[in-house]
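Participant: My questions will all concern the structure given below.
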Amino acid sequence: MALQCRLSGATIQSLKMATIPISPSSSRFIFRTTPQTLNLALFSRHTPPKAPPFSVLIRALSAQAVAAAPAAEISDNKVVKPQWKAAIDFKWIRDNKEAVANNIKNRNSNAKLELVLELYDKMLNIQKEVERLRGERNNVANKMKGKLEPSERQKLVEEGKNLKEGLTTLEEDLINLRDELQLEAQCIPNMTHPDVPIGGEDSSKLRNVVGSPLSFDFPVKDHLQIGKELDLFDFDAAAEVSGSKFYYLKNEAVMLEIALVNWTLTEVMKKSFTPLTTPEIVRSSVVEKCGFQPRGENTQVYSIEDSDQCLIGTAEIPVGGIHMDSIVSESSLPLKYVAFSHCFRTEAGAAGTATRGLYRVHQFSKVEMFILCKQEESDMYHDELIKIEEDLFSSLGLHYKTLDMATGDLGAPAYRKFDVEAWMPGLGRYGEISSASNCTDYQSRRLGIRYRPSESPTTSKKGKTNQATPKFVHTLNATACAVPRMLVCLLENFQQEDGSVIIPKPLRPFMGGIEAIYPKSR
Amino acid sequence: MAFQCRLSGATIHSLKMATIPISSSSSRFIFRTLPQTLNHALFSRHTPPKAPPFSVLIRAFSAQAVVAAPAAEISDDKVVKPQWKAAIDFKWIRDNKEAVATNIKSRNSNANLELVLELYDKMLNLQKEVERLRGERNNVANKMKGKLEPSERQKLVEEGKNLKEALTTLEEDLINLRDELQFEAQCIPNMTHPDVPIGGEDSSKLRNMVGSPLSFDFLVKDHLQIGKELDLFDFDAAAEVSGSKFYYLKNEAVMMEMALVNWTLTEVMKKGFTPLTTPEIVRSSVVEKCGFQPRGENTQVYSIEDSDQCLIGTAEIPVGGIHMDSIVSESSLPLKYVAFSHCFRTEAGAAGTATRGLYRVHQFSKVEMFIFCKQEESDMYHEELIKIEEDLFSSLGLHYKTLDMATGDLGAPAYRKFDVEAWMPGLGRYGEISSASNCTDYQSRRLGIRYRPSESPSTTSNKGKTNQAAPKFVHTLNATACAVPRMLVCLLENFQQEDGSVIIPDPLRPFMGGIEAIYPKSR
């Protein structure tokens, strides 16, 4: 047994070795996971990514190995959670030290594997000692049940008292050690798919190219200029009312947003995804469990004052949380969701990067796909997600390429990430318009989402059915439509010499049949 | 001249009497305006409103009087604003003391009119004294320009120094007094339309009634039950992920939201409204200027940590702000906007009130209409807005009534407010689904939005400079076109069928792929 995460209300039960009870302490847990890069948050990739110099030199261990490790047991009872712990498989990490170390190195992670293993060993030793002392204390207690000389009893009372004191101290140490271990271990990124190229962002591997840059026989404008001429947005008023990088959409841009969202939902629903709208204010703990960092300097996350809540940077967070702390039935898998939400990002530290117009903004509408599936199926669904994205962008007539992102460009939760970069003629470069990640069990081990495999249940002697041990689901997320980036693409690619912009055919039925946006006569 | 609000960078100019320069002090201005009741925030009106016992006993002064007061002059220069001041017409308030007092009383406002007038008088006196001292100081300075005996010069230097010290002290007092005056005066609510019934919410007057409650020959369910059976929302997961009163919409409810928003925008655009999406994070000052209270206990407003920003409770705020601190051309009026946004409300203090299901939630989608117009046209556009609302709800086949809300139910900015309450058979009562308010110049005096009347520019001054007409404050109006969750309550509860399905109203079908009903999913 690698790790058992058991929540116990008031007393700490240590039922077996390697059990990690969660302390009921209410001290705020300091969370230091390497933050997941918010989709669309990073990618000033002006140069086209090159194939890695050698096909793939080092391959990290497959995360299937993680999955193959014994599933952790978690108490099914929901209790008050003063803090949360990830169900990290420490034993597997210890047993696969080399692979984990390589993976950390390849991903430029600052996780401290040596420290984690050291803390884990210490923790196991203290745990043993606690067990031993508990045994002794029970012995003493049993001895006291019989008839005893007063002096003998006095001796036992004394002994029991000493044991209890020693135990209290050790148990406190154990709690602190476990907290420290969690803190450090949560920094360890997910393992990496063996096909992912090793290296920085330049090493990302081209998977697919569709179309070619449209040629224009007139000087192309960027989307800001087009939007200004067609009265499609207002950044100036938004700067006064809200701050820089906020905007109002106006006129046809509003209808274009609604058409994009509506069309995308409709198309993705055809693939059996359940549509959702989500809360956009969530508990900070859920943000953390999805692998994002809601506090600290340079956080991408807006926090709500005087609360433990924050704004979502992506619908991945509330959709990931929809099955939090539960065991879903195997037959319900895969659970496929397509969620529409507004997204909010501080873009701290993004000053100076490509921030023109709608390209990088604090608030935007996004349609996000999310899949919860069995462990052995996540690679397949990852391919399905990127296929859906590509089909959507092809239908709109965009020229784009799809990349298998290199290790150095992966956020902590991603086992593998495919990005789509579309040609933006006004900006004169490719820009990321979507991203599809397989997070394997990284998020589900934090969110506590498992399924019980439906192997034929064995019946024990007592007539009680022994169900199969639950396993963590795999989670995947992928952008179906990030509206502002899509507006950049549509306006810049489909601009005409007369100043109008042609609406792609698939969107027309969703915006009252209009075929183009024309300059307004005033 | 009643009031002049002039922003001056470093020095304080006092160009004429009754000028109120804004202090460049960076001390945070404490704002205490009576909060505007966020639309939909209040209305546990279970009993149908009664007509007031006597038609209308007391009528507050028309806000047209406010309008008739000389328009304030505001510097056109945009400068850094460490704080903001409303262009309140103190002279008009003083000259219409009785009407203002009656208005404050009938609106149950806790504004302190006596204190405002006392501070205003004090401020005027202090201002005069400052003027006098400045004059003396200038005299002394002029005297020193000539040739003087050293002893005489020394005397003048001494005199000038004393005057300067006295002036500095008085000017500081003046700044403080002005801040205090603003602080108190901002609590004064808008004046009230003469036709508004005086009294508490029970006094609200029925304006219109459309349709009648649908009769059901089966046991009606409330929207929560229907939503559960049709798998349309998830409150339980949202409670874990976000907190209580949050929700996920699922399946056809998502498509219904999209259809409602799309259809509503389409219909309202036909009336010449410009569609918008808006920022949902705005500066707290803009929230204040629209008449809401972003801080303090029981605020309805979510604030962003470590910033001066907060989340909008209604698109009224960012749309009101879109022309902030500007003079729009008269020919551009009316400016009609229809904005789609998500809205966020803490619903602090709403515990125990009607909070079942989708009725009162922390986050929702809303399509909001907003009009900037000339002062003399706001009553007309108020009628237009309520007409649009009624037409929309009638098209959907709802039974509803429209109320002219009584004085006690008006938020500080509203001169008059019409509410629409629709029948919700599952909840077994009428519930507010929309609201249309005429805020006259309450918001524009805070947001600084004016227009320059296009009377033929009359006099040409000696210097050949054309004297344009003095700018006037626009009037602002806001009205809900579609608050999605309340509309979902109405549609699900009114159009439920005995077989568990829910019929989609005809106008929405083209916007949700032509589906005619939501049927129970077979599992």
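Participant: For segment B:481-506, what are the residues that are within 14 Å of chain A (Cβ to nearest Cβ) and of a type outside the set (A, V, I, L, M)?
Facilitator: Matches in segment B:481-506: B:CYS482, B:PRO485.
Participant: Which of the residues belonging to segment A:238-266 are open to solvent by 10 Å² or more (accessible area, probe 1.4 Å), under 30 Å from A:CYS373 (Cβ atoms) and hydrophobic (A, V, I, L, M, F, W, C)?
Facilitator: A:TRP263
Participant: To continue, here is another question. Just to verify a result, which residue in segment B:168-192, among those that are in contact (Cβ under 8 Å) with a residue 60 or more places away in the chain and among the acidic types (Asp, Glu), is nearest to B:HIS475 (Cα to Cα)?
Facilitator: Here the answer is B:GLU184.
Participant: Here is a check on your reading of the model: is A:ASN190 assigned to a loop (DSSP other than H, G, I, E, B) and out of contact with any His (no Cβ under 6 Å at 6 or more places or on another chain)? Working first, answer last.
Facilitator: Values: assigned to a loop (DSSP other than H, G, I, E, B): yes; out of contact with any His (no Cβ under 6 Å at 6 or more places or on another chain): yes.
Considered against the rule, which asks whether it is assigned to a loop (DSSP other than H, G, I, E, B) and out of contact with any His (no Cβ under 6 Å at 6 or more places or on another chain), A:ASN190 comes out as yes.
Participant: Okay, moving on. Mind telling me which of the residues A:THR168, A:THR192 ends up being exposed (fewer than 14 other Cβ atoms within 10 Å of the Cβ), hydroxyl-bearing (Ser, Thr, Tyr) and out of contact with any Gly (no Cβ under 9 Å at 6 or more places or on another chain)? Full working, then the answer.
Facilitator: On the way: A:THR192 fails: exposed (fewer than 14 other Cβ atoms within 10 Å of the Cβ).
Criteria check complete, one pass: A:THR168.
Participant: So, in segment A:406-441, exactly how many residues are farther than 16 Å from A:ASN208 by Cα, open to solvent by less than 10 Å² (accessible area, probe 1.4 Å) and not in a loop (DSSP other than H, G, I, E, B)?
Facilitator: 4
Participant: Additional query: Of the residues B:ALA101, B:ALA141, B:ALA111, which single one is assigned by the TED database to the domain that holds B:THR168 and not in a helix (DSSP H, G or I)?
Facilitator: B:ALA111
Participant: What do you reckon, is B:SER285 within 17 Å of the chain's Cα centre (by Cα) and part of a strand (DSSP E or B)?
Facilitator: Taking the combined requirement at face value, the residue does not satisfy it.
Participant: In addition: Just for segment B:317-330: of the residues that are assigned to a helix (DSSP H, G or I) and at pLDDT 95 or above, which one is nearest to the other protein chains (Cβ to nearest Cβ)? I'd like the intermediate steps shown before the answer.
Facilitator: Narrowing segment B:317-330 to residues assigned to a helix (DSSP H, G or I): B:317-321, B:330.
Retained after the next criterion (residues that are at pLDDT 95 or above): B:317-321.
Numbers: B:ILE317: 8, B:PRO318: 6, B:VAL319: 8, B:GLY320: 9, B:GLY321: 4 Å.
So the residue we want is B:GLY321.
Participant: Separate question: Residues that are closer than 30 Å to B:LYS270 by Cβ, of a type in the set (Ser, Thr, Tyr) and over 23 Å from the mean Cα position of the chain (by Cα): does segment A:266-273 have at least one?
Facilitator: Yes, some residue in segment A:266-273 is closer than 30 Å to B:LYS270 by Cβ, of a type in the set (Ser, Thr, Tyr) and over 23 Å from the mean Cα position of the chain (by Cα).
Participant: Can you tell me which residues in segment B:360-382 are open to solvent by 10 Å² or more (accessible area, probe 1.4 Å), outside any loop (DSSP other than H, G, I, E, B) and within 14 Å of chain A (Cβ to nearest Cβ)?
Facilitator: Of everything in segment B:360-382, those that are open to solvent by 10 Å² or more (accessible area, probe 1.4 Å), outside any loop (DSSP other than H, G, I, E, B) and within 14 Å of chain A (Cβ to nearest Cβ) turn out to be B:GLN363, B:PHE364.
Participant: Checking the condition at pLDDT 95 or above, over 19 Å from B:ILE371 (Cα atoms) and assigned by the TED database to the domain that holds B:ASN478, which residue from B:GLN300, B:GLN309 passes?
Facilitator: B:GLN309
Participant: Restricting the first residue to segment B:240-257 and requiring it to be without any contact (Cβ under 8 Å) to a residue 12 or more places away in the chain and more than 7 Å from chain A (Cβ to nearest Cβ), which pairs with a second residue that is in a helix (DSSP H, G or I) and open to solvent by 10 Å² or more (accessible area, probe 1.4 Å) meet a Cβ separation below 9 Å and a spacing of at least six or different chains?
Facilitator: From residues that are without any contact (Cβ under 8 Å) to a residue 12 or more places away in the chain and more than 7 Å from chain A (Cβ to nearest Cβ), the pairs are B:SER244/B:PHE235.
Participant: Going residue by residue through segment B:332-343, is there one that turns out to be at pLDDT below 95 and more than 8 Å from chain A (Cβ to nearest Cβ)?
Facilitator: Scanning segment B:332-343, I find at least one residue that is at pLDDT below 95 and more than 8 Å from chain A (Cβ to nearest Cβ), so the answer is yes.
Participant: Could you tell me whether B:LEU385 is surrounded by 22 or more Cβ atoms within 10 Å (Cβ to Cβ), in contact with a Pro (Cβ under 6 Å, 6 or more places away or on another chain) and either touching a residue at least 12 places away in the same chain (Cβ under 8 Å) or more than 14 Å from chain A (Cβ to nearest Cβ) (or both)?
Facilitator: Criteria not met by B:LEU385.
Participant: For A:PHE235, indicate whether it is open to solvent by 30 Å² or more (accessible area, probe 1.4 Å) and away from chain B (no Cβ under 11 Å).
Facilitator: no
Participant: Still on this structure, I have one more. Kindly indicate the residue of segment A:287-297 that is open to solvent by less than 40 Å² (accessible area, probe 1.4 Å) and either of a type outside the set (Asp, Glu) or facing chain B (nearest Cβ under 8 Å) (or both) and also nearest to B:ILE281 (Cα to Cα) among those meeting that condition.
Facilitator: A:PRO294
Participant: Among (1) modelled with pLDDT of 95 or more; (2) farther than 30 Å from B:MET324 by Cβ, where does B:LEU126 come up short?
Facilitator: Looking at each condition in turn, B:LEU126 falls short on (1).
Participant: Just need a number here: residues in segment B:267-283 that are touching a strand residue (DSSP E or B) at 6+ places or on another chain (Cβ under 9 Å) and either open to solvent by 30 Å² or more (accessible area, probe 1.4 Å) or modelled with pLDDT under 95 (or both).
Facilitator: Of the residues in that region, 6 qualify.
Participant: Also: Out of the residues in segment B:298-316 that are away from chain A (no Cβ under 11 Å) and open to solvent by 10 Å² or more (accessible area, probe 1.4 Å), state the one that is nearest to the chain's Cα centre (by Cα).
Facilitator: Here is the first cut: in segment B:298-316, the ones away from chain A (no Cβ under 11 Å) are B:298, B:300, B:313-314, B:316.
When the remaining residues are screened for being open to solvent by 10 Å² or more (accessible area, probe 1.4 Å), the result is B:298, B:300.
Values: B:ASN298: 18, B:GLN300: 14 Å.
By that ranking, first place goes to B:GLN300.
Participant: Next up: Would you be able to say whether some residue in segment B:213-228 is assigned to a helix (DSSP H, G or I), within 10 Å of chain A (Cβ to nearest Cβ) and of a type outside the set (A, V, I, L, M)?
Facilitator: No - not one qualifying residue is present in segment B:213-228.
Participant: Within segment B:317-342, take every residue that is closer than 12 Å to B:LEU276 by Cα and without any contact (Cβ under 8 Å) to a residue 60 or more places away in the chain and give me the one that is most open to solvent (accessible area, probe 1.4 Å).
Facilitator: Here the residue is B:ILE322.
Participant: Same structure, new question: Of the numbered conditions (1) assigned to a strand (DSSP E or B); (2) within 14 Å of chain A (Cβ to nearest Cβ), B:ARG207 fails exactly one; give the number of that condition.
Facilitator: Only one criterion in (1) assigned to a strand (DSSP E or B); (2) within 14 Å of chain A (Cβ to nearest Cβ) is unmet by B:ARG207, namely (2).
The values are calculated or read from the model by the stated rules, or taken from the named source; none is laboratory data. Only a predicted model underlies this, so the values are computations on that prediction, with no experimental measurement involved. Don't worry about glycine lacking a Cβ; one is built from the backbone with ideal geometry, like all the others, and counts go over all protein chains shown. Remember, those area values only see protein heavy atoms, side chains included, never the ligands or the DNA or RNA. Shrake-Rupley method; radii C 1.70, N 1.55, O 1.52, S 1.80 Å.
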